[in-house]
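Each remark here refers to the structure printed beneath this line.
The values are calculated or read from the model by the stated rules, or taken from the named source; none is laboratory data. What you are looking at is a predicted structure, and each value in this text was computed from that prediction instead of being measured. Cβ placement follows ideal geometry from the backbone for every residue including glycine, while neighbour counts extend to all protein chains displayed.
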Amino acid sequence: MPTLDWLNRAQAFTTSARVPYRLLQEVSVHTPTAKSGAPAAAPAQAAPVQAELVEAQPDPAGSPARKDITDNLLIQGDNLEALKALLPFYRGHVKCIFIDPPYNTKSAFEHYDDNLEHAQWLSMMLPRLQLLRELLREDGSIWVTIDDNEGHYLKVLMDEVFGRGNFVASAIWQKRYSRENREAIGDVHDYIHIYALSPEKFKLQRNLVPLTEEQAKVYRNPNNDPKGRWRPVPMTAQEGHATAEQFYEVVTPSGKTFRPPEGRCWGLAQATYQRLLVEGRIYFGKNGDAQPNIIRYLSEVPGIAPWTWWPSDEVGHTDEAKKEIHALFGKVDAFASPKPERLIERILHIATNPNDFVLDSFLGSGTTAAVAHKMGRRWIGIEMGEHAATHCLPRLQKVVDGEQGGISKAVGWQGGGGFRFMKLGAPVFDEKGRIHPDVRFATLAAFIWQQETGTALDASHTRPGTPYLGIHYKVDSWSRPSDKGEELISFIKTPAFACYLLFNGILKDKRPAGGNVLTQAVLGALLALHATTPEPAAPLLVYGEACRLGEERLQQANVTFKHIPYDVRAR
């Protein structure tokens, strides 16, 4: 596959691996403002909250009504470091990523620099895309807005990061409704590059979009049908794989007969046609002598497949976005290049369902988080500049309080929920690999689990108050043909190991030779605990500060021991 080449390309591919993991510090918690008008923010001491992040892990099968405060995070800090900090806790859990990165238009805006040298821009984007890919669910998708300055280079870069075969489409968003006359050829659109980790799953799970009135005008009700507006749909289909039941004579009310034209068949088997005829669902024209059509009611149309042309009258435009921002912040302190809420609504409607996780690591003025909150999605927003506090924070507080701008009335938003405001803290590991003293058990557990399994730790599989982190399974799959000629996929799920962590006195024994050290007594406690797990025969992988047992005893107990911090590579 052709790839881009630029200065420092090789170094850019290793940037994300060299970024240190950092703690996340909770600054404040935000809920609906009290009726008395008191501030809704509850100040928090600058303590690491990774333990709470583990406990707030997303549940894909969770209740759509769930709006836990801990689910929604506004993070201020460099988005590369913030993405790395999130990785152990949200890897493989985000359903939809939307980002609106700098377009590299050679402009310097008040709130961010949009004037990077081309190679610098590519080196900035690559590691962030790599980390974003790791955060996506298997059925997740990423949507990136861009214009002609870097759009085509970004497409090739995303081909390399996400795989050319995972490209879904490049939608064209009409960002202006009036003609642009300042350039030789007026700029009226942006691109939205769309990739999915599994395009097949994305196609099966993506939502249809509602018909506009312009699209629905073909549905009429000339006969005052009590079921409402309808349209005739041709009843013929290509002959290709037709069965004998799709070739029959149709007699119209006028007595005229029809057979399928040459090379075509009826789209319905004869029995289905007879049933629809009795139900009054076959239309023979005004005079009852035309080729049959199927009656389809507008009320039965769930929507239409999204396509790549997104006109401004459907999803908004830049002027609409500016008016939304002016209504929130006034014209003096407004954000320079916001996106309209209707545009984000369209993306989240297609790509997500209530309770899914949405991530925006170039949050800007906070539009993605605001729309996700109003639509009942859980969200994480990352913004580096001061406007994380001066723009995003107050805007999202207004959303929680029930502000009625943007899409609020369209989705029936009345306020509620909450979010946490976070900042990046100290590195989890120092340059020598030593663990920061603020690191708690749940934090290190998440890092170790990710290191060993390549996945985020699922808190529901752990046993709080014990060293047990869960069972990691090896899954083998293969396909085989069935008797009906279909391809069946079979799976074998084998327990690879059960993971245990001896850290921070989890066994309530902080003596040097006690709870953080694998002794004979501690091993006995682990084996007793292991016997109660879903896979008591699985090998044990134990992390601890030291081991007092010999290799023969470890082998006898089916235990692999790894030392903290020397065997912890997540740094």
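Points to keep in mind about this one:
- Residues that are surrounded by 10 or more Cβ atoms within 10 Å (Cβ to Cβ) and under 28 Å from the mean Cα position of the chain (by Cα), drawn from segment 1-10: LEU4, ARG9
- Pairs linking a residue in segment 386-409 that is under 13 Å from LEU328 (Cβ atoms) to a residue that is acidic (Asp, Glu), with Cβ atoms under 6 Å and 6 or more positions apart or on different chains, are CYS392/GLU383; GLY405/GLU324; GLY406/GLU324; GLY406/GLU341.
- Applying the criterion of being in a helix (DSSP H, G or I) and among the small types (Gly, Ala, Ser) to the residues of segment 303-343, the residue that is surrounded by the most Cβ atoms within 10 Å (Cβ to Cβ) is ALA321.
- Take the conditions (1) touching a residue at least 24 places away in the same chain (Cβ under 8 Å); (2) closer than 18 Å to ASN223 by Cα; ILE304 misses just one of them, which is (2).
- Tally, over segment 249-268, of residues that are surrounded by 16 or more Cβ atoms within 10 Å (Cβ to Cβ) and not in a strand (DSSP E or B): 4
- Hits in segment 200-214 - residues which are surrounded by 14 or more Cβ atoms within 10 Å (Cβ to Cβ) and polar (S, T, N, Q): GLN205, ASN207
- The residue of segment 287-330 that is farthest from ARG275 (Cα to Cα), among those that are among the small types (Gly, Ala, Ser) and under 28 Å from the mean Cα position of the chain (by Cα), is ALA321.
- Given (1) at pLDDT 90 or above; (2) more than 26 Å from the chain's Cα centre (by Cα), index of the condition ARG440 fails: (1)
- Within segment 535-571, the set of residues being in a loop (DSSP other than H, G, I, E, B), at pLDDT 95 or above, out of contact with any helix residue (DSSP H, G or I) (no Cβ under 8 Å at 6 or more places or on another chain) and not hydrophobic (A, V, I, L, M, F, W, C) comprises GLU535, PRO539, GLY550, ASN558.
- Scoring HIS391 on the criteria (1) surrounded by fewer than 22 Cβ atoms within 10 Å (Cβ to Cβ); (2) at pLDDT below 95 leaves a single failure, condition (1).
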